[in-house]
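The values are calculated or read from the model by the stated rules, or taken from the named source; none is laboratory data. On a predicted model such as this, the values are computed, not experimentally measured, just so you know. Cβ placement follows ideal geometry from the backbone for every residue including glycine, while neighbour counts extend to all protein chains displayed.
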Ligand SMILES: [Zn+2]
């Protein structure tokens, strides 16, 4: 679904024609960590953050056009996925603690080769005629030049930030919440009720988290804490099992982060499970669900959660949206041998 050459990278997502051109010099882990480090330094300095934005703008991100990537009715409502762009991550990050050679073979089978992986970022929108519910808000302008396209892509389906009535957060990693605030540190979705799981909030709110989370994720903690400070009075907290919005139930899927939540959107017999990063990829996690993932903060709990989720998805025959699943992120899961396969919904 994409191609790379010496001059850079272009990704095309099928007929939705969402394409990015990024100079190859920027497709590198150093960019990734530099952006995170910048964010940490710039926690309370708006002018610095403007500089950061212009610096990342040098990546010549061009969103040619984009639109809905998938849409399906659930009862009288409609669930749509909208792209926020994609991430560029080092292959080591994708393989994590898995056996390297076997992992590389599985990745190659899925067309993932080279030094980087470039997972899609798919944000779900549920509209039931009364509410317009956004599940996560994407990276915003300051995380990676290849992500942060949500507002443009909402526009293509006729939605403005003011139309959003609810923001539900799966977890507080940068690619899911750094889009909460604009350049002036004002909430982007100013009319929306913002909601997050209590356990997730408490973890990132804790001033000790930045010290205990480990060097690699320190900027994640600083970035989350800064946004939570700015939005302390805006966020409502909920617990697992609660119906947070009519027809939408919070499902505990801890492991990727300590309080990671999924959401089941249901109307009678029709339902979709929005799983955030509880199953964070479509290759290793589907082929070898028992392997620990380097992207999970608690790898053992992540495996346990993933197995339980797969069981639920198969037994309930429920469709899913995976934030980083390929293409639309929207589809069905089937058993295949000892593992599973993701069948992307047709357009
Ligand atoms: Zn993510």
Can you name the number of the only condition in (1) touching a helix residue (DSSP H, G or I) at 6+ places or on another chain (Cβ under 8 Å); (2) under 22 Å from residue 195 (Cβ atoms); (3) within 15 Å of the ligand (Cβ to nearest atom) that residue 295 fails?
-> (2)
Checking 223, 179, 255 in turn, the sole residue that is within 16 Å of the ligand (Cβ to nearest atom), modelled with pLDDT of 95 or more and part of a loop (DSSP other than H, G, I, E, B) turns out to be 255
Search result, residues across the stretch 122-171 that are closer than 20 Å to residue 327 by Cα, over 12 Å from the mean Cα position of the chain (by Cα) and assigned to a loop (DSSP other than H, G, I, E, B) | 144, 145, 146, 149, 157
Are any residues in the stretch 304-340 over 16 Å from residue 79 (Cβ atoms) and part of a loop (DSSP other than H, G, I, E, B), and if so, which ones?
-> 317, 324, 326, 337, 338
Among residues belonging to the stretch 273-292 that are more than 16 Å from the ligand (Cβ to nearest atom) and assigned to a helix (DSSP H, G or I), point out the one that is nearest to residue 175 (Cα to Cα).
-> 286
Looking only at the stretch 187-209, decide whether some residue is over 19 Å from the mean Cα position of the chain (by Cα), crowded, with 22+ Cβ neighbours inside 10 Å and at negative phi.
-> yes
Residue 132 is checked against (1) within 27 Å of residue 200 (Cα to Cα); (2) surrounded by fewer than 24 Cβ atoms within 10 Å (Cβ to Cβ); (3) within 16 Å of the ligand (Cβ to nearest atom) and fails just one. What number does that condition carry?
-> (3)
Report the residue count in the stretch 70-93 for those that are touching a helix residue (DSSP H, G or I) at 6+ places or on another chain (Cβ under 9 Å), outside any strand (DSSP E or B) and touching a residue at least 40 places away in the same chain (Cβ under 8 Å).
-> 4
Could you list, in sequence order, all residues of the stretch 210-220 that are surrounded by fewer than 15 Cβ atoms within 10 Å (Cβ to Cβ) and in a loop (DSSP other than H, G, I, E, B)?
-> 214
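Listed here are the residues, each with its yes/no results for (1) in contact (Cβ under 8 Å) with a residue 24 or more places away in the chain; (2) away from the ligand (no atom under 16 Å from the Cβ).
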residue	(1), (2)
138	yes, no
153	yes, yes
156	yes, yes
159	yes, yes
162	yes, yes
172	yes, no
206	no, yes
Scanning the stretch 75-93 residue by residue, those away from the ligand (no atom under 16 Å from the Cβ) and either surrounded by fewer than 18 Cβ atoms within 10 Å (Cβ to Cβ) or more than 21 Å from residue 327 (Cα to Cα) (or both) turn out to be 75, 76, 77, 78, 91, 92
Of all residues in the stretch 94-116, count the ones that are surrounded by 17 or more Cβ atoms within 10 Å (Cβ to Cβ) and assigned to a helix (DSSP H, G or I).
-> 5
